[in-house]
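Written below as structure tokens is the structure these notes are about.
The values are calculated or read from the model by the stated rules, or taken from the named source; none is laboratory data. The shown structure was predicted, so the numbers you read here are calculated from the model rather than taken from an experiment. So basically every Cβ, Gly included, is an ideal-geometry build from the backbone, and we count neighbours across all protein chains shown.
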Amino acid sequence: MLSIEEIKLLIEKLEKVKKEDLQKLIDSNLKILKDLAIAVDANNDQVIDRLDKTPEWFLLDNQQKKTTPLVDETLRRQIQTKLFQFSRSNIYNSLEIGPGNGMFSMDFRAWKLQMFLDVLPQVEKPIRKMFPPQHQKYLVFYRTKNTECSNIPQNSCNFVFSWDTFPFFTQNHVQQYLHDIKRVLIDGGYCMIQYADCHYDIDLQNAKRGYWNYNTKTEMTRMIEEEGYKVIEMNQFRPGANFAIFQKPGKQNPVVYKKTEITLD
């Protein structure tokens with residue numbers, strides 16, 4: 001039996017390959033699949049708490065990743081290479097959403113303040129221990145429920161980063177986050193966010209087993225653009241390591257990011 005993730009993926013593919021000689025066949029099958037997907041989504045909306053991960057779930061996931069991290073050293077270096085391209089000014093602050101065990105948290109030292117947003121209060125103490133005493137005043141931790149960012153000052157950040165967090169969110173949750181973080185970004189501020197792209201088998205399998213939530217590059221692009229951002233780059237380091245770089249309109253940001261080719265080791 002097809003999973004809802006596979007049904008949605010098939011809908012997307014059928015919509016892309018429409019041709020006149022296949023129009024009737026495609027349209028009839030699209031209608032069946034869309035009706036089925038709507039019915040399943042309607043049921044999912046009634047049990048959304050089972051789709052959105054709880055703080056307890058994230059705590060357990062963080063504990064497991066201390067011994068078996070999903071990001072190896074090669075991937076980590078590739079992500080850092082991208083991240084460092086945004087660290088050319090210490091006028092503004094950075095925001096990391098879902099720092100977890102702090103894999104990338106020390107990479108934001110070039111910013112004026114390093115802000116961290118997480119559902120878990122437990123992440124603050126181990127991340128603070130990574131930094132020397134004289135740097136503690138530059139670290140600011142915020143708690144969130146779902147996409148809550150109202151406690152973060154408006155127009156305070158020129159860069160928002162998140163890895164190993166957004167793949168766990170439903171599409172509704174992702175879009176609401178994209179909407180909420182616009183308030184904390186300055187005009188011209190950038191975001192670099194990992195997301196699930198179920199066009200690839202590893203992402204699809206993670207979604208089917210309930211570890212990640214369903215998303216695709218097509219849908220992620222749509223959500224980013226609907227929220228008024230400019231898409232700068234939609235790419236991947238490898239399947240399962242997909243990222244989106246996008247920008248809030250405006251020219252206040254002194255940093256200008258230029259897309260570069262990724263070198264795969």
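Can Met223 be described as surrounded by fewer than 23 Cβ atoms within 10 Å (Cβ to Cβ), outside any strand (DSSP E or B), assigned by TED's automatic domain parsing to the domain that holds Arg76 and at pLDDT 95 or above?
Yes: the conditions hold for Met223.
Give, as residue ranges, the helices (runs of 4 or more DSSP H) completely inside region 42-110 that count at least 1 residues that are at pLDDT 95 or above and surrounded by 15 or more Cβ atoms within 10 Å (Cβ to Cβ).
73-83
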